[in-house]
Amino acid sequence: MDSIIDLLSQIQKGDRKAIAKAITLVESTKPEDQVLADKLLGLLPESKKISLRIGISGPPGVGKSTFIETIGQTIISQNEHLAILAVDPSSSITGGSILGDKTRMDSLSKSDQTFIRPSPSGGNLGGVGHATKDSIRILEAAGYRVILIETLGVGQAEIDVLDMTDIYLVLLSPGGGDELQGIKRGIIEVADILIVNKADGNLEATARSTVLDYKNALKLQKARHQDWSVPVLSISALESKGIDEVWNEIMKLKDHLHELKIFDENRSFQDEKWVKRKKKNQILSLLDSKDEILDEIERNIIESDKQLLKKFSLWIKSIFNFKKSS
Ligand code: GDP
């Protein structure tokens, strides 16, 4: 226990090694690590609502890391401490590193104000691990005020990231009109701010018309938050164009959510959901290691199904008898 108290005090001093160690602990699935992780999480101070958790989704290659690298400079230039939980380049789909040869977020990774952690996808397509929300709490306890969570925005990952962030950004490519169909339609419907990236060079005009397409498409749907109309912005992450506008919209939405008291409500709701999800996972992993409990539950279910069937057939019979006699 002493070592956990030490770890906590190191985290609160902003010690990077301690933060990394704590995140590794909450990510671990070993039962002995989970006990320590639970102790640590139990000791963490209540999450301060002054932090801002931002989800960033978009298909591979759209420019998420370039965008984070650029907007990250804006954030740290305001003296904010920035933490980034990024999709692990070693994808579970390819089983190898698709982006590993590329230097991701090179200048941000050299900044003292920034902490970057690749989050293991753990078989999860979008890259949000089972421990991401706990990692956020650790980072906030260490004084990081802005937390960016990068995902691919597919399937469950999109729902997971919505459940742990205050604001959700979606990055799209110019000319991606057909993105309005299929998978991406889902993430567009929940986006708080839509960003068309790569508005530079010969893609600039296409980016402008893509913005209009999305604006038109959004007219037909309601925004996720009350009295908020989703802005559609075109930017060039590579040339640092339009980045301040994105940050201004983020600040505007943050103030709006605080004014309407949605911010705190949303966090409490997310916390409740997270606790339930963790409990469920703990029970499932407990069952996984105890076959005899699983067998017992199975027997009980079969037994209760039998009872239910019996009741149901008695009920049907009674209806028939009633009809015959009337
Ligand atoms: P991610 O997979 O979404 O993280 O995308 P990356 O940030 O790795 O970018 C994928 C490719 O798109 C790289 O070759 C980037 O240089 C390029 N890229 C990113 N942003 C821009 C941009 O604003 N304009 C242009 N022209 N290329 C960009």
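A few notes on this one:
- Applying the criterion of being within 6 Å of the ligand (Cβ to nearest atom) and under 12 Å from T151 (Cβ atoms) to the residues of region 49-61, the residue that is modelled with the lowest pLDDT is P60.
- Taken together, the criteria place E179 among residues that are farther than 18 Å from P118 by Cα, modelled with pLDDT under 80 and within 16 Å of the ligand (Cβ to nearest atom).
- Of the residues making up region 198-220, not one is within 13 Å of the ligand (Cβ to nearest atom) and among the aromatic types (F, W, Y).
- The number of residues in region 52-75 that are in contact with a Phe, Trp or Tyr (Cβ under 7 Å, 6 or more places away or on another chain) and not in a strand (DSSP E or B) comes to 2.
- Residue count for region 182-192, restricted to those that are at pLDDT below 90 and small (G, A, S): 2
- First in region 294-310 and part of a helix (DSSP H, G or I), second anywhere and not small (G, A, S), Cβ under 6 Å, 6 or more apart: L294/L287
- Region 36-48 - residue that is at pLDDT below 90 and over 11 Å from L8 (Cα atoms) and, of those, surrounded by the most Cβ atoms within 10 Å (Cβ to Cβ): S47
- Looking only at residues in region 76-87 that are buried (at least 16 other Cβ atoms within 10 Å of the Cβ) and in a loop (DSSP other than H, G, I, E, B), the one that is modelled with the lowest pLDDT is E80.
Yes/no per residue for (1) surrounded by 11 or more Cβ atoms within 10 Å (Cβ to Cβ); (2) within 16 Å of the ligand (Cβ to nearest atom); (3) not assigned by TED's automatic domain parsing to the domain that holds Q78:
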residue: A237; (1), (2), (3): yes, yes, no
residue: K241; (1), (2), (3): yes, yes, no
residue: E245; (1), (2), (3): yes, yes, no
residue: K254; (1), (2), (3): yes, no, no
residue: L257; (1), (2), (3): yes, no, no
residue: R267; (1), (2), (3): yes, no, no
residue: Q270; (1), (2), (3): yes, no, no
residue: K279; (1), (2), (3): no, no, yes
residue: Q282; (1), (2), (3): yes, no, yes
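- Among the residues of region 1-48, just one is closer than 17 Å to T132 by Cβ, of a type in the set (A, V, I, L, M, F, W, C) and out of contact with any helix residue (DSSP H, G or I) (no Cβ under 7 Å at 6 or more places or on another chain), namely A20.
- Filter pass, V161 being within 16 Å of the ligand (Cβ to nearest atom) and at pLDDT below 95: yes
- Those residues of region 184-239 which are assigned to a helix (DSSP H, G or I) and aliphatic (A, V, I, L, M), in sequence order: I187, I188, V190, L203, A205, A207, V211, L212, A217, L218
- Looking only at region 251-276, residues that are touching a residue at least 24 places away in the same chain (Cβ under 8 Å), part of a helix (DSSP H, G or I) and not acidic (D, E) come to 11 in all.
The values are calculated or read from the model by the stated rules, or taken from the named source; none is laboratory data. Note that the structure is a prediction, hence the values are computed from the model and not measured. Note that we place each Cβ from the backbone using ideal geometry, even for glycine, and neighbour counts take in every protein chain shown.
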